[in-house]
Amino acid sequence: MNTVLLSKVKHDRKTFDCGIDSLNNYLKLTAGQSSKRDNARTFVLEDELNDSQITGFYTLTMTTLNLESLPTALQKKYAHSKSAGLIARLAVDKNYKGKGLGEWLLIDALKKLLLASDTVGFPLVLVDAKDGAKEFYQKYGFTSFIDTENRLFVTISDIRASFQ
Ligand SMILES: CC(C)(COP(=O)(O)OP(=O)(O)OC[C@H]1O[C@@H](n2cnc3c(N)ncnc32)[C@H](O)[C@@H]1OP(=O)(O)O)[C@@H](O)C(=O)NCCC(=O)NCCS
């Protein structure tokens with residue numbers, strides 16, 4: 001399995017349905033434009049039998065880091081950090097849920113962010129979990145911010161350790 005960058009020409013964005021309209025609409029209307037402007041990158045996982053069919057996707061970008069929302073020990077450690085990697089969106093089409101693709105996409109996204117951090121240096125990866133998805137991220141080592149229930153983080157150092 002392999003993710004590829006979203007192609008507006010190749011991929012059928014209209015039929016993708018993860019059950020959350022805002023995520024479906026992002027893929028349909030915004031993801032391509034956002035990548036064209038270098039604001040974010042959307043990677044898709046194609047169906048093995050039909051490469052125009054999107055089974056799942058994620059979007060990566062950078063965001064600002066609010067140090068005060070971190071546990072005290074991490075505030076000190078990352079006192080000079082301003083930026084963090086962001087999994088801005090991640091979703092699996094309804095027809096492909098429950099087959100391990102969400103886990104696979106999350107690991108793939110974290111591998112890409114680890115590589116990016118090895119080059120430009122940032123200490124954390126954040127994610128904004130949609131309703132009901134917080135536990136999904138917690139299962140893979142993400143921790144909630146103190147003041148923002150649905151924003152979670154994991155350190156690059158923990159990601160690196162988990163792949164060693
Ligand atoms: C959340 C989502 C990405 C999971 O994708 P998926 O392919 O169904 O998940 P997987 O089959 O890879 O599941 C991996 C594990 O996570 C668990 N899991 C899946 N969805 C979960 C959820 N919403 N909450 C908690 N755990 C969840 C599974 O039970 C499984 O655990 P197990 O290995 O112990 O059996 C998918 O349901 C989805 O796209 N939801 C709508 C969009 C969304 O909420 N995105 C989240 C980011 S905004």
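The values are calculated or read from the model by the stated rules, or taken from the named source; none is laboratory data. Nothing here was measured: the structure is a model prediction, and the numbers come from that model. We place every Cβ from the backbone using ideal geometry, glycine too, and count neighbours over all the protein chains shown. These area figures cover heavy atoms from the full protein model, side chains too; ligands, DNA and RNA do not enter into them. Shrake-Rupley method; radii C 1.70, N 1.55, O 1.52, S 1.80 Å.
Please report, as a whole percent, how much of the solvent-accessible surface of segment 37-164 comes from carbon and sulfur atoms (probe radius 1.4 Å).
Whole-percent figure for carbon plus sulfur exposure: 48.
Which log10 I(q)/I(0) values does segment 107-153 give at q = 0.24 Å⁻¹ under the Debye formula, counting every alpha carbon as one identical point scatterer?
Listed by q, the Debye log ratios stand at -0.88.
Taking amide H positions as placed in the peptide plane 1.01 Å from N, state which residues far from Cys18 in sequence (5 or more) or on other chains have amide H under 5 Å from it.
Under 5 Å from the amide H of Cys18 lie the amide H atoms of Asn24, Lys94, each far enough along the sequence or on another chain.
Which of the peptides 122-129, 100-107 is most tightly packed, and how do the rest follow, judged by the mean count of other Cβ atoms within 10 Å per residue?
Peptide ranking by packing, descending: 122-129, 100-107.
Return the distance in nm (one decimal) between the two label points of a simple spin-label model at Ile107 and Asn95, each offset 7 Å from Cα along Cα→Cβ.
If labels sit at Ile107 and Asn95, their model points lie 2.5 nm apart.
On the principal axes of its Cα set, how long, how wide and how thick is segment 3-162? Give whole Å, largest value first.
Extents along the principal axes: 48, 31, 27 Å.
Quickly rank 130-137, 76-83 as a protection proxy: mean count of other C-beta atoms within 10 Å, highest first.
My ranking of the peptides, most packed first, is 130-137, 76-83.
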